[in-house]
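J.: After the C-alpha cells below, expect a handful of questions from me.
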Amino acid sequence: MEHATFPPLPLVVICGGTHGNEMSGVYIVREMQKQKVEKAGSVSITTVLSNPRAVEACKRYIDTDLNRCFTDALLSGPITDSAPYELRRAHELNAQFGPKGSEEAVDLLCDLHNTTANMGLSLICYSLDWITLHIYKYIQSKVTSVPVRLIQLTIPISEAYSLESVAKHGFSIEVGPQPGGVLRADIFNIMKEALDLTLEWLQKFNSGSTFEGGEVEAYTLVGNVDYPRDPMTGEITAVVHPQLQDNDFKLLQPGDPTFLLFSGKTVKHEGEELYPFFVNECAYYEKKVAFQLARKITLTFPSISVKLDR
Amino acid sequence: MEEDKVLCLPRLSQVAVCGGTHGNELSGVYLVRELLKAKKNVTKQEDEEEEAVPLLMVLSHPLQQCFRYIDTDLNRCFTHASLSGPMSGMTPYEIIRARQLNTMLGPKGSHGAVDLVCDLHNTTANMGLCLITYSDCDWICLHIFRHLQKQMPDIPLRYIHFDVSNKESYSLDSVGKHGFAMEIGPQPHGVVRSNIYMAMKAGVQHMLDWVQSFNSGSTFEEGFVDVFTMVKHIDYPRDSETRTITAAIHPQLQDQDFCLLRPGGPLFQTFSGETLRYKGDEPLYPFFINECAYYEKGIALSLARKRQVMVPAIRVQTEQEQQANNQRFASEEEE
C-alpha cells in the first residue's frame with residue numbers, strides 16, 4: 001500500500017464526564033486541569049468536563065443522554081427555553097470544537113468513558129481513518145495489562161450521535177468493567193496509559209516519525225439484542241446468562257445461551273455467529289440493549305507520516 | 001429457673017423479605033417481584049393449604065426509578081427519632097415511606113412487630129454474601145448464618161455486626177423482632193448479574209427452609225461463628241476546598257474485602273501514583289471497600305475486628321413454654 005501523509009495534529013481535545021458517573025474520565029480531566037496540563041511536547045491539549053451538572057450530581061445525565069445529542073439533526077435544530085440541559089450543552093460543545101463537519105472543527109477529540117461490561121480497553125470510532133487506526137495499533141502494541149480492541153460504529157457521520165463525531169478525527173476510549181459512580185485505581189491507570197500513549201503517538205507523528213502500516217482486526221457493529229421483557233409491564237424477565245456474562249468479544253454461536261429467565265429457562269442465540277460486546281451495560285437497560293453484536297474484520301492500512309508544508 | 005443446654009425461643013410466626021430498599025440494588029428488586037408473581041400464580045386450592053412460612057414480601061420503595069433514593073436514604077430512616085416526630089409538607093418521601101413500613105412490619109420495638117425481617121441489598125464491594133445485624137447474640141440470626149454456611153459452601157459468607165443500640169439502629173431490618181440485611185456483591189448498581197441474583201435467591205430460600213425447620217421443632221446444635229464487628233470507617237483523602245477525592249482505593253486493597261489490613265498496608269493511590277498507607281495501630285478487617293453509595297457518606301472502607309462467638313443450641317418453644325412466656329410477659333407489662 002502507498003505511504004500516506006497527513007498535516008500535523010497540533011491540538012487534541014480531551015473530554016471526560018460526558019456521562020457524569022463514569023469516573024475515570026472525570027478524574028483524569030480534573031487532575032489535568034489541576035496540574036494545568038496544556039501541552040505534551042508539541043501537542044496542545046484542551047481538557048473539558050463535557051457534562052458538568054451530571055458530574056456534580058454523579059449521574060449519567062440530568063435530562064437526556066448528552067452522548068446521543070450530536071446528530072446533524074439535533075445540532076441544527078432550535079434551542080428553546082424548554083430544551084433539555086444536555087441539548088443546550090451539545091450546542092455549546094459543537095460551537096466550541098466544531099461545527100461538526102466543517103473546516104473549523106478541531107483535528108482530534110478523544111472522549112473518555114467507562115462501562116460496567118467486561119470490555120477491557122476499547123477504542124470506539126465511526127470511521128476507520130488512518131489516524132485512528134495508527135493510534136489504535138500504537139496503543140495495542142504497548143498495553144499488556146488488558147485486551148485492547150477497536151470497535152467501529154457503522155453509522156454515517158450525519159447520523160453519528162456522540163461527542164467525538166464533532167471533530168475531524170475522533171474516538172472514545174472505553175474502559176471496563178467499572179460500576180457507575182465508582183473510581184477503580186486499576187481502571188483509572190489503564191485509561192491514563194491509553195491517553196498517554198495517544199499523546200506520545202501525536203508528538204512522534206508531529207515531529208516526523210514514520211509509522212509502519214499493517215493489519216489490524218476491528219469489530220464492526222451489526223445490531224443490538226434486548227432483554228426478554230414482560231409484554232404488559234416492559235420489565236425485564238431474564239438476566240444475561242452466566243455463560244455470556246463477562247464474555248465480551250467471545251464468539252457467540254447459534255445455540256449458545258444468552259439469557260437466563262427468572263423462571264429458570266435458558267434463551268439461546270439464533271442467527272449468525274457474531275461477537276457480543278457491551279454485555280450487561282447498566283445504562284443500556286433503558287435503551288433496550290442487553291448486548292450489542294459485531295462482525296470481526298481485518299483492515300490493512302498504509303504507513304503514515306506527517307506532511308510538512310513547504 | 002432450671003438451666004437448659006438448649007435455648008428455647010418463640011416461634012417465628014411471620015417473616016418479611018424486603019427488596020428495593022435502595023432502588024438501584026437490583027437483585028432484591030427482581031427477586032421480590034418474582035416471589036410476588038409466584039405467590040399470585042398459586043391456585044386457590046393450594047392457597048387454602050397452610051403456607052410453609054407465613055411470608056410478607058415487600059418492595060420497600062415502589063416509586064423508585066432505579067436511583068438509590070429520591071430525597072434521602074430510606075435505610076437511614078428507622079431510628080426511633082425518625083419514626084416519631086412531626087411531619088409536614090416538606091417531609092422527605094423516604095421518611096414518610098419509613099413510617100408506612102414501620103406500620104406494616106412493626107411498630108419497631110413492640111410485641112406486634114414481625115418476627116424476622118430479611119432486607120435484600122447489593123454492594124459494589126467484593127463482599128460475597130454477608131448478613132449484617134445490630135446484635136452479636138441474636139441466636140436466630142446466627143443459626144440462620146450457620147445454616148447458610150452448610151448449604152452454600154461455594155460462596156464466601158460473613159457475619160457483620162454493627163454495635164448500635166436498638167434506639168439508634170437506623171435500618172429497615174431493625175423494625176422486626178429479629179432482622180438482618182442480606183448484602184451481596186460485587187454488583188454494579190443498576191445492573192443485575194446472574195451469579196449475584198442466583199446467590200441471593202438461594203440465600204433467601206435456605207433462610208426460609210431454616211425458619212420452617214425451626215418452627216417444626218428441630219434442634220440446632222451449638223457451634224462457633226466468626227463475627228466481624230465494625231470498629232471504624234476511613235474516608236478518602238479529599239481536597240480541603242472542593243472536598244473532591246484526591247486518591248482512589250489502592251489496587252492492592254481493591255477487592256480485598258475481609259483480607260487483614262496491617263499497619264503500613266497500602267490504602268490509597270493518588271492520581272500521581274503515590275501510595276498512602278494505613279496508619280492505624282491495630283490490624284483490622286476491611287469491608288465495604290469502594291462502595292459506590294458511600295462516597296457521599298465519607299466512607300472509602302470500613303474496618304472490623306474479628307472474634308469467635310459461641311452460639312448455643314436452640315429450638316422452638318413448645319406451646320406450653322410459649323403460654324408460660326406470654327403470661328410472664330403480660331405480668332411484666334402490668335408492672
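The values are calculated or read from the model by the stated rules, or taken from the named source; none is laboratory data. Computed from a predicted structure; not experimentally measured. Quick reminder, even Gly has a Cβ in these numbers, built from the backbone with ideal geometry, and neighbours come from all protein chains shown.
J.: Within segment A:132-143, can one find any residue that is over 26 Å from A:Ser305 (Cβ atoms) and more than 14 Å from chain B (Cβ to nearest Cβ)?
T.: For segment A:132-143, residues over 26 Å from A:Ser305 (Cβ atoms) and more than 14 Å from chain B (Cβ to nearest Cβ): absent.
J.: Here's something else I'd like to know. Somewhere in segment B:295-318, is a residue over 25 Å from the mean Cα position of the chain (by Cα) and either more than 24 Å from B:Pro266 (Cβ to Cβ) or touching a residue at least 24 places away in the same chain (Cβ under 8 Å) (or both)?
T.: Taking every residue of segment B:295-318 in turn, at least one turns out to be over 25 Å from the mean Cα position of the chain (by Cα) and either more than 24 Å from B:Pro266 (Cβ to Cβ) or touching a residue at least 24 places away in the same chain (Cβ under 8 Å) (or both).
Each row is one residue, and each column tells you yes or no for (1) surrounded by 14 or more Cβ atoms within 10 Å (Cβ to Cβ); (2) assigned to a helix (DSSP H, G or I); (3) polar (S, T, N, Q); (4) free of Cβ contacts under 8 Å to residues at least 60 places away in the same chain.
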{"site": "A:Gly25", "(1), (2), (3), (4)": "yes, yes, no, no"}
{"site": "A:Arg30", "(1), (2), (3), (4)": "yes, yes, no, yes"}
{"site": "A:Val37", "(1), (2), (3), (4)": "yes, no, no, yes"}
{"site": "A:Asp81", "(1), (2), (3), (4)": "no, no, no, yes"}
{"site": "A:Glu86", "(1), (2), (3), (4)": "yes, yes, no, yes"}
{"site": "A:Arg89", "(1), (2), (3), (4)": "yes, yes, no, yes"}
{"site": "A:Asn94", "(1), (2), (3), (4)": "yes, yes, yes, no"}
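J.: Of the numbered conditions (1) within 18 Å of B:Ser302 (Cβ to Cβ); (2) within 11 Å of chain A (Cβ to nearest Cβ); (3) out of contact with any Asp or Glu (no Cβ under 9 Å at 6 or more places or on another chain), B:Glu168 fails exactly one; give the number of that condition.
T.: Single failed check for B:Glu168: (2).
J.: Of everything in segment B:185-238, what is away from chain A (no Cβ under 14 Å), surrounded by 15 or more Cβ atoms within 10 Å (Cβ to Cβ), of a type in the set (A, V, I, L, M) and under 20 Å from the mean Cα position of the chain (by Cα)? Give them in sequence order.
T.: Result: B:Met207, B:Leu208, B:Val211, B:Val225, B:Val227, B:Met230.
J.: Residue check: is A:Ala105 of a type in the set (A, V, I, L, M, F, W, C) and surrounded by fewer than 23 Cβ atoms within 10 Å (Cβ to Cβ)?
T.: Considered against the rule, which asks whether it is of a type in the set (A, V, I, L, M, F, W, C) and surrounded by fewer than 23 Cβ atoms within 10 Å (Cβ to Cβ), A:Ala105 comes out as yes.
J.: How about segment B:162-176: which of its residues are of a type in the set (Asp, Glu) and at pLDDT below 95?
T.: The one that is of a type in the set (Asp, Glu) and at pLDDT below 95: B:Glu168.
J.: So which pairs qualify, if the first residue must be in segment A:180-198 and within 8 Å of chain B (Cβ to nearest Cβ), the second must be of a type in the set (Lys, Arg) and not in a helix (DSSP H, G or I), the Cβ gap must be under 9 Å, and the two must be at least 6 apart or on different chains?
T.: A:Gly180/A:Lys59; A:Gly180/A:Arg60; A:Gly181/A:Lys59
J.: Here are some residues: A:Ala54, A:Ala73. Which one is farther than 23 Å from A:Glu174 by Cα and not in a loop (DSSP other than H, G, I, E, B)?
T.: Going through A:Ala54, A:Ala73 in turn, the sole match is A:Ala73.
J.: Cβ contacts < 7 Å: first residue free of Cβ contacts under 8 Å to residues at least 24 places away in the same chain and more than 11 Å from every other protein chain (Cβ to nearest Cβ), restricted to segment B:263-276; second residue exposed (fewer than 15 other Cβ atoms within 10 Å of the Cβ) and not in a loop (DSSP other than H, G, I, E, B), any location; separation 6+ or different chain. Result?
T.: Short answer, once both residue conditions are applied: B:Gly264/B:Arg277; B:Gly265/B:Arg277.
J.: Please go through segment A:198-214 and pick out each residue that is modelled with pLDDT of 95 or more and either outside the structural domain of A:Lys39 (by TED's automatic domain parsing) or part of a strand (DSSP E or B) (or both).
T.: A:Phe211
J.: A further question follows. Just to be sure I understand, how many residues within segment A:14-23 are within 17 Å of A:Ser44 (Cβ to Cβ) and surrounded by 24 or more Cβ atoms within 10 Å (Cβ to Cβ)?
T.: Total meeting the criteria: 1.
J.: Note down all Cβ pairs under 7 Å where the first residue falls in segment B:211-223 and is touching a residue at least 40 places away in the same chain (Cβ under 8 Å), the second is in a helix (DSSP H, G or I) and surrounded by 17 or more Cβ atoms within 10 Å (Cβ to Cβ), and they're at least six residues apart or on different chains.
T.: Note: pairs meeting the criteria are B:Phe220/B:His143; B:Gly223/B:Arg146.
J.: Those residues that are more than 9 Å from every other protein chain (Cβ to nearest Cβ) and not in a loop (DSSP other than H, G, I, E, B), I need them from segment A:239-258; list them, please.
T.: Within segment A:239-258, A:Leu252, A:Pro257, A:Thr258 meet the criteria.
J.: For segment A:260-299, give me each residue that is in a strand (DSSP E or B) and in contact (Cβ under 8 Å) with a residue 60 or more places away in the chain.
T.: Of everything in segment A:260-299, those that are in a strand (DSSP E or B) and in contact (Cβ under 8 Å) with a residue 60 or more places away in the chain turn out to be A:Phe277, A:Phe291, A:Gln292, A:Leu293, A:Ala294, A:Arg295, A:Lys296, A:Ile297, A:Thr298, A:Leu299.
J.: Looking at segment A:136-170 only, could you name the residues that are closer than 27 Å to B:Thr270 by Cα and either crowded, with 22+ Cβ neighbours inside 10 Å or not hydroxyl-bearing (Ser, Thr, Tyr) (or both)?
T.: Result: A:Ile139, A:Gln140, A:Lys142, A:Val143, A:Val146, A:Pro147, A:Val148.
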